[in-house]
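Reading through the structure tokens given below for one structure.
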Amino acid sequence: MKRLFSGMQPTGSPHIGNYLGAIENWVALQEQFDAIYSIVDLHALTIEYNPTEMSRRVFEMAAILLACGIDAPNRCTLFVQSHVPQHSELAWIFNTVTPLAELYRMTQFKSKAETHEKNVNCGLLAYPVLQAADILLYKGEVVPVGEDQVQHIELARIVARKFNNRFGTEYFPEPMEKVSIAKRVRGLDGQAKMSKSLNNQIDVIESPESVWEKLRVAVTDPARIRRKDVGNPDNCNISSLHELFSTAEQIEWAKNGCRTAGIGCFECKRVLADNIIQRFAPIREKALALLEEKSTVERVLAQGAEKARDIASGTMKDVRGILGLY
Ligand code: TYM
């Protein structure tokens, strides 16, 4: 079985962009690959965060991933990145073969350097090097991600190639991204990608009341009012969310009703809200139970870290040999 690796930052509760862009795919792929999933807390240190919240966030993310159907430790491995120190060790080594110019090219670095202009630290720039180490520590060949991460996986290929060339080896494979169908879910502002940092998200375990509160005020086709209430579903994010959550009949109903002003945005949003609530209700219930009970998540993460450390220490032993360290 080919090895698959992917990670998610514990910068907040996972949202429906993470779910459709990654988690749903992770669940399906654990059947076909030797899958390793990580909650990448070291990546989350690169922007401002509250240390008193971090461990709760990691724990919550693990509970939600399990509730979504990540079947660790049976069908895959789930662990916390900082529990396996070899990630940082390999990242340092990769720093020494990664051209700076490649890192300055990264669009995520450029946009984060703008939004966090008071905290443009080295870690923000070297972030994709750590990501390459995550994948290559396990010799991951397949990496399921949303569209925003594709450039980082390209960089991981460059890092693998540079390392192999520098040391005359074929030790590291060149990993390939596997992009989900819902590769870029837009946020409730109707413009930007759904993201925790833009606060335009609906969380996977959002309460039904809150799903409706957020959708009720979400942006629709901005030109609808000017056109005397006739909308264009192609310009409406609510319509694109229908495509992800509704039946074929409902999607048609929403599009037609929008074009003819046969239905109002309110009605259209209500049907979408009900579908989102229904889709995530069993996950929400399971996640809340796991959060309450604690021991299952603790056990899964401890076993996951042990398995990950085992593989990681094997890789680092080889890498030290290849580098010629004493
Ligand atoms: P992160 O934590 O931002 O997001 C986790 C996954 O969710 C996807 N995603 C989306 N997909 C569609 N629409 C959206 N609006 C949306 N928002 C997020 C992301 O593409 C990602 O797949 N750097 C990574 C974490 C990481 C990683 C890795 C990933 C660290 N090491 C190794 C793969 C392999 C990140 O910040 O993802």
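Here are some notes:
- Check on Ser55, modelled with pLDDT of 95 or more, polar (S, T, N, Q), open to solvent by 40 Å² or more (accessible area, probe 1.4 Å) and touching a helix residue (DSSP H, G or I) at 6+ places or on another chain (Cβ under 6 Å): no
- Of all the numbered requirements in (1) open to solvent by less than 60 Å² (accessible area, probe 1.4 Å); (2) more than 22 Å from the chain's Cα centre (by Cα); (3) farther than 23 Å from Leu325 by Cα, Ile153 misses one, and that requirement is (2).
- Looking across region 1-21 at every residue that is part of a loop (DSSP other than H, G, I, E, B), surrounded by 17 or more Cβ atoms within 10 Å (Cβ to Cβ) and in contact (Cβ under 8 Å) with a residue 40 or more places away in the chain, the one that is farthest from the ligand (Cβ to nearest atom) is identified as Ser13.
- Glu24 surrounded by fewer than 21 Cβ atoms within 10 Å (Cβ to Cβ), more than 8 Å from the ligand (Cβ to nearest atom), not in a helix (DSSP H, G or I) and not aromatic (Phe, Trp, Tyr): no
- Close Cβ contacts (under 6 Å, 6 or more residues apart or on different chains) running from residues in region 109-134 that are touching a residue at least 12 places away in the same chain (Cβ under 8 Å) and within 14 Å of Ala156 (Cα to Cα) to residues that are part of a loop (DSSP other than H, G, I, E, B) and more than 14 Å from the ligand (Cβ to nearest atom) comprise Val129/Thr98.
- Note on region 153-176: residues that are within 12 Å of the ligand (Cβ to nearest atom) and not in a helix (DSSP H, G or I) total 2.
- Close pairs from region 243-256: first basic (Lys, Arg), partner open to solvent by 50 Å² or more (accessible area, probe 1.4 Å), Cβ under 9 Å, at least 6 apart: Lys255/Asp234
- Those helices (runs of 4 or more DSSP H) lying entirely in region 86-135 with at least 3 residues at pLDDT below 95: 107-115
- Region 141-152, residues that are β-branched (Val, Ile, Thr) and more than 8 Å from the ligand (Cβ to nearest atom): Val142, Val150
The values are calculated or read from the model by the stated rules, or taken from the named source; none is laboratory data. Since we're looking at a predicted model, the values are computed, not measured. Positions of Cβ are generated from backbone atoms using ideal geometry, with glycine treated the same way; all protein chains shown enter the neighbour counts. The area values use the complete protein model at the heavy-atom level, side chains included, leaving out ligands, DNA and RNA. Shrake-Rupley method; radii C 1.70, N 1.55, O 1.52, S 1.80 Å.
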